[in-house]
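Here the structure is laid out as C-alpha coordinates; the discussion comes afterwards.
The values are calculated or read from the model by the stated rules, or taken from the named source; none is laboratory data. Nothing here was measured: the structure is a model prediction, and the numbers come from that model. When we count neighbours, we look across all protein chains shown, and the Cβ atoms used for this are built from the backbone with ideal geometry, even at glycine.
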Amino acid sequence: MDPKEFLGNIILLIVGGNDTTRNSISGGVWFLNQNPDQYRKLRENPHLIPSMVSEVIRYQTPLAHMRRTALADTEIGGKTIKAGDKVVMWYASGNRDEEAIENPDSFIIDRARPRQHISFGFGIHRCVGLRLAELQLRIIWEEIMKRFDHIEVVDEPKRVYSSFVKGYETLPVRIAG
Ligand code: HEM
(Lines give C-alpha, C1' and ligand atoms only; values in the text may rest on other atoms or scores of the structure.)
Protein backbone atom coordinates (compact mmCIF):
# COMPACT_ATOMS: atom_id res chain seq x y z
CA MET A 1 0.00 0.00 0.00
CA ASP A 2 1.23 3.51 -0.68
CA PRO A 3 1.34 5.80 2.41
CA LYS A 4 -1.98 7.53 1.55
CA GLU A 5 -3.84 4.25 1.16
CA PHE A 6 -2.18 2.90 4.30
CA LEU A 7 -3.26 5.98 6.30
CA GLY A 8 -6.79 5.72 4.88
CA ASN A 9 -7.03 2.13 6.08
CA ILE A 10 -5.69 2.98 9.54
CA ILE A 11 -8.25 5.80 9.89
CA LEU A 12 -11.00 3.43 8.72
CA LEU A 13 -10.00 0.91 11.39
CA ILE A 14 -9.80 3.54 14.15
CA VAL A 15 -13.00 5.43 13.30
CA GLY A 16 -14.98 2.42 12.04
CA GLY A 17 -14.11 0.45 15.15
CA ASN A 18 -14.65 3.23 17.69
CA ASP A 19 -17.85 5.24 17.20
CA THR A 20 -19.78 2.12 16.30
CA THR A 21 -18.92 -0.03 19.32
CA ARG A 22 -18.92 2.93 21.73
CA ASN A 23 -22.42 3.98 20.68
CA SER A 24 -23.58 0.37 20.88
CA ILE A 25 -22.50 0.28 24.54
CA SER A 26 -24.48 3.45 25.34
CA GLY A 27 -27.37 2.17 23.22
CA GLY A 28 -27.47 -1.05 25.22
CA VAL A 29 -27.69 0.85 28.51
CA TRP A 30 -30.46 3.09 27.13
CA PHE A 31 -32.54 0.26 25.59
CA LEU A 32 -32.31 -1.91 28.73
CA ASN A 33 -33.54 1.04 30.78
CA GLN A 34 -36.35 1.71 28.31
CA ASN A 35 -37.32 -1.98 28.50
CA PRO A 36 -37.03 -3.02 32.17
CA ASP A 37 -38.61 -6.42 31.41
CA GLN A 38 -35.71 -7.13 29.03
CA TYR A 39 -33.15 -5.92 31.62
CA ARG A 40 -34.72 -8.30 34.16
CA LYS A 41 -34.63 -11.14 31.63
CA LEU A 42 -30.92 -10.47 31.02
CA ARG A 43 -30.09 -10.44 34.75
CA GLU A 44 -31.92 -13.74 35.18
CA ASN A 45 -30.34 -15.27 32.03
CA PRO A 46 -26.80 -13.94 31.49
CA HIS A 47 -26.35 -16.51 28.70
CA LEU A 48 -28.53 -14.15 26.62
CA ILE A 49 -25.69 -11.59 26.46
CA PRO A 50 -24.56 -12.57 22.90
CA SER A 51 -28.08 -12.35 21.47
CA MET A 52 -28.73 -9.15 23.43
CA VAL A 53 -25.57 -7.68 21.88
CA SER A 54 -26.81 -8.47 18.36
CA GLU A 55 -30.21 -6.99 19.17
CA VAL A 56 -28.52 -3.81 20.44
CA ILE A 57 -26.49 -3.56 17.22
CA ARG A 58 -29.67 -3.97 15.16
CA TYR A 59 -31.77 -1.62 17.27
CA GLN A 60 -29.07 1.06 17.45
CA THR A 61 -27.82 0.75 13.84
CA PRO A 62 -24.66 2.74 14.71
CA LEU A 63 -24.11 3.71 11.05
CA ALA A 64 -27.40 4.73 9.48
CA HIS A 65 -26.38 4.22 5.86
CA MET A 66 -23.69 3.82 3.22
CA ARG A 67 -23.81 4.89 -0.42
CA ARG A 68 -22.99 3.07 -3.64
CA THR A 69 -22.77 4.15 -7.27
CA ALA A 70 -24.69 1.87 -9.64
CA LEU A 71 -22.50 0.22 -12.29
CA ALA A 72 -25.40 -0.88 -14.47
CA ASP A 73 -29.03 0.06 -15.10
CA THR A 74 -31.35 -1.88 -12.80
CA GLU A 75 -34.70 -1.79 -11.04
CA ILE A 76 -35.34 -2.18 -7.31
CA GLY A 77 -38.79 -2.09 -5.74
CA GLY A 78 -40.26 -0.69 -8.95
CA LYS A 79 -37.74 2.18 -9.12
CA THR A 80 -35.37 2.55 -12.03
CA ILE A 81 -31.72 3.05 -11.15
CA LYS A 82 -29.40 4.11 -13.95
CA ALA A 83 -25.69 3.33 -14.23
CA GLY A 84 -23.85 6.15 -12.46
CA ASP A 85 -26.75 6.94 -10.08
CA LYS A 86 -25.77 7.28 -6.45
CA VAL A 87 -27.88 5.12 -4.14
CA VAL A 88 -28.18 5.45 -0.37
CA MET A 89 -28.69 2.17 1.50
CA TRP A 90 -30.57 2.97 4.70
CA TYR A 91 -29.55 0.25 7.16
CA ALA A 92 -31.61 2.10 9.78
CA SER A 93 -34.70 1.48 7.65
CA GLY A 94 -33.90 -2.11 6.67
CA ASN A 95 -33.36 -2.99 10.32
CA ARG A 96 -36.97 -1.97 11.02
CA ASP A 97 -38.46 -3.77 7.99
CA GLU A 98 -41.53 -5.63 9.21
CA GLU A 99 -41.36 -7.92 6.17
CA ALA A 100 -37.97 -9.21 7.33
CA ILE A 101 -38.12 -8.91 11.13
CA GLU A 102 -41.00 -9.65 13.48
CA ASN A 103 -41.96 -6.69 15.70
CA PRO A 104 -38.99 -4.73 14.37
CA ASP A 105 -39.69 -1.68 16.54
CA SER A 106 -39.46 -3.73 19.74
CA PHE A 107 -36.22 -4.39 21.62
CA ILE A 108 -36.26 -8.14 22.30
CA ILE A 109 -33.05 -9.71 23.64
CA ASP A 110 -33.95 -13.33 22.92
CA ARG A 111 -34.95 -13.26 19.28
CA ALA A 112 -34.75 -16.55 17.34
CA ARG A 113 -32.28 -15.12 14.79
CA PRO A 114 -30.69 -12.11 16.47
CA ARG A 115 -27.83 -11.75 13.97
CA GLN A 116 -30.25 -11.29 11.09
CA HIS A 117 -29.78 -7.53 10.69
CA ILE A 118 -27.92 -5.23 8.31
CA SER A 119 -26.06 -2.93 10.72
CA PHE A 120 -22.79 -4.32 9.33
CA GLY A 121 -23.81 -3.76 5.72
CA PHE A 122 -24.03 -6.46 3.10
CA GLY A 123 -21.94 -7.73 0.21
CA ILE A 124 -18.26 -7.36 -0.56
CA HIS A 125 -17.69 -4.41 1.82
CA ARG A 126 -19.57 -5.96 4.75
CA CYS A 127 -17.88 -4.84 7.96
CA VAL A 128 -14.50 -6.52 8.31
CA GLY A 129 -14.57 -5.96 12.09
CA LEU A 130 -17.98 -7.43 12.84
CA ARG A 131 -16.75 -10.45 14.80
CA LEU A 132 -14.42 -8.21 16.80
CA ALA A 133 -17.30 -5.81 17.49
CA GLU A 134 -19.53 -8.66 18.72
CA LEU A 135 -16.69 -10.01 20.86
CA GLN A 136 -15.91 -6.61 22.41
CA LEU A 137 -19.55 -5.97 23.24
CA ARG A 138 -20.07 -9.46 24.63
CA ILE A 139 -17.05 -9.12 26.93
CA ILE A 140 -17.96 -5.65 28.13
CA TRP A 141 -21.51 -6.78 28.98
CA GLU A 142 -20.21 -9.91 30.75
CA GLU A 143 -18.01 -7.67 32.91
CA ILE A 144 -20.74 -5.05 33.48
CA MET A 145 -23.22 -7.74 34.60
CA LYS A 146 -20.63 -9.23 36.99
CA ARG A 147 -19.82 -5.88 38.56
CA PHE A 148 -23.07 -3.90 38.63
CA ASP A 149 -26.61 -5.00 39.48
CA HIS A 150 -28.12 -2.04 37.74
CA ILE A 151 -27.10 0.91 35.62
CA GLU A 152 -29.85 3.48 35.89
CA VAL A 153 -30.28 6.13 33.22
CA VAL A 154 -31.10 9.37 35.03
CA ASP A 155 -31.75 11.72 32.10
CA GLU A 156 -32.63 11.67 28.40
CA PRO A 157 -29.67 11.01 26.09
CA LYS A 158 -28.26 13.81 23.97
CA ARG A 159 -27.88 12.38 20.49
CA VAL A 160 -25.17 13.00 17.90
CA TYR A 161 -26.50 15.44 15.28
CA SER A 162 -25.76 13.43 12.18
CA SER A 163 -27.55 11.54 9.43
CA PHE A 164 -24.65 9.06 9.34
CA VAL A 165 -23.51 8.21 12.87
CA LYS A 166 -26.40 7.22 15.12
CA GLY A 167 -24.94 7.81 18.52
CA TYR A 168 -24.89 9.65 21.81
CA GLU A 169 -23.07 12.70 23.07
CA THR A 170 -24.22 12.18 26.64
CA LEU A 171 -26.22 9.57 28.55
CA PRO A 172 -26.18 10.33 32.30
CA VAL A 173 -26.37 7.24 34.51
CA ARG A 174 -26.19 6.23 38.16
CA ILE A 175 -24.38 2.98 38.86
CA ALA A 176 -25.46 0.73 41.71
CA GLY A 177 -22.71 -1.64 42.84
C1 HEM B 1 -21.12 -2.43 16.11
C2 HEM B 1 -19.99 -2.13 15.52
C3 HEM B 1 -19.81 -1.89 14.05
C4 HEM B 1 -20.74 -1.54 13.10
C5 HEM B 1 -22.23 -1.35 13.27
C6 HEM B 1 -20.03 -1.42 11.84
C7 HEM B 1 -20.63 -1.10 10.63
C8 HEM B 1 -19.99 -1.09 9.41
C9 HEM B 1 -20.63 -0.82 8.15
C10 HEM B 1 -22.09 -0.47 7.94
C11 HEM B 1 -19.67 -0.92 7.18
C12 HEM B 1 -19.86 -0.69 5.68
C13 HEM B 1 -20.30 -1.95 5.00
C14 HEM B 1 -20.57 -1.69 3.54
O15 HEM B 1 -20.16 -0.65 2.98
O16 HEM B 1 -21.20 -2.57 2.92
C17 HEM B 1 -18.44 -1.24 7.85
C18 HEM B 1 -17.23 -1.42 7.19
C19 HEM B 1 -16.02 -1.54 7.85
N20 HEM B 1 -15.81 -1.70 9.20
FE21 HEM B 1 -17.26 -1.81 10.62
N22 HEM B 1 -18.70 -1.68 12.05
C23 HEM B 1 -18.52 -1.98 13.38
C24 HEM B 1 -17.32 -2.30 14.00
C25 HEM B 1 -16.09 -2.34 13.39
C26 HEM B 1 -14.84 -2.68 14.03
C27 HEM B 1 -14.70 -3.09 15.50
C28 HEM B 1 -13.86 -2.56 13.09
C29 HEM B 1 -12.38 -2.78 13.19
C30 HEM B 1 -11.64 -2.56 14.25
C31 HEM B 1 -14.50 -2.16 11.86
C32 HEM B 1 -13.85 -1.94 10.67
C33 HEM B 1 -14.47 -1.76 9.45
C34 HEM B 1 -13.74 -1.63 8.18
C35 HEM B 1 -12.23 -1.65 8.00
C36 HEM B 1 -14.72 -1.51 7.18
C37 HEM B 1 -14.53 -1.38 5.67
C38 HEM B 1 -14.68 -2.71 5.00
C39 HEM B 1 -14.62 -2.58 3.49
O40 HEM B 1 -14.89 -1.51 2.93
O41 HEM B 1 -14.32 -3.61 2.82
N42 HEM B 1 -15.85 -2.04 12.07
N43 HEM B 1 -18.64 -1.36 9.19
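Listed by first and then second residue, the pairs with beta-carbon distance under 8 Å, at least 6 apart or on different chains, first residue in the range 143-170 and at pLDDT below 95, second surrounded by 10 or more Cβ atoms within 10 Å (Cβ to Cβ) and among the hydroxyl-bearing types (Ser, Thr, Tyr), are 150/39. Among residues belonging to the range 121-144 that are touching a Ser or Thr at 6+ places or on another chain (Cβ under 9 Å) and over 18 Å from residue 42 (Cβ atoms), point out the one that is surrounded by the fewest Cβ atoms within 10 Å (Cβ to Cβ). Looking at the filtered set, the residue picked out is 132. For residue 118, are the conditions met, namely being aliphatic (A, V, I, L, M), in a loop (DSSP other than H, G, I, E, B) and farther than 23 Å from residue 18 by Cβ? Here the answer is no, as residue 118 does not meet what is asked. Listed here are the strands (runs of 3 or more DSSP E) enclosed by the range 1-104 that have at least 3 residues being within 16 Å of the ligand (Cβ to nearest atom) and within 23 Å of residue 122 (Cβ to Cβ): 65-69, 86-90. Taking the criterion of being touching a residue at least 24 places away in the same chain (Cβ under 8 Å) and near the ligand (Cβ under 6 Å from one of its atoms), the residues of the range 123-142 that qualify are 125, 127, 129, 132, 133.
The condition (being in contact with a helix residue (DSSP H, G or I) (Cβ under 6 Å, 6 or more places away or on another chain), aromatic (Phe, Trp, Tyr) and within 19 Å of residue 17 (Cβ to Cβ)) is satisfied by just one residue among 168, 91: 168.
Whether any residue in the range 44-61 is more than 21 Å from the chain's Cα centre (by Cα) and at pLDDT 95 or above is what I want to check. Yes.
For the range 150-164, which positions are of a type in the set (Val, Ile, Thr) and either over 17 Å from residue 25 (Cβ atoms) or surrounded by fewer than 16 Cβ atoms within 10 Å (Cβ to Cβ) (or both)? 154, 160, listed by residue number. Do we have residue 117 as more than 16 Å from the ligand (Cβ to nearest atom) and surrounded by 11 or more Cβ atoms within 10 Å (Cβ to Cβ) here? When the stated conditions are applied, residue 117 does not pass them. Looking only at the range 98-114, residues that are closer than 19 Å to residue 166 by Cα and either of a type in the set (Phe, Trp, Tyr) or touching a Ser or Thr at 6+ places or on another chain (Cβ under 7 Å) (or both) come to 1 in all.
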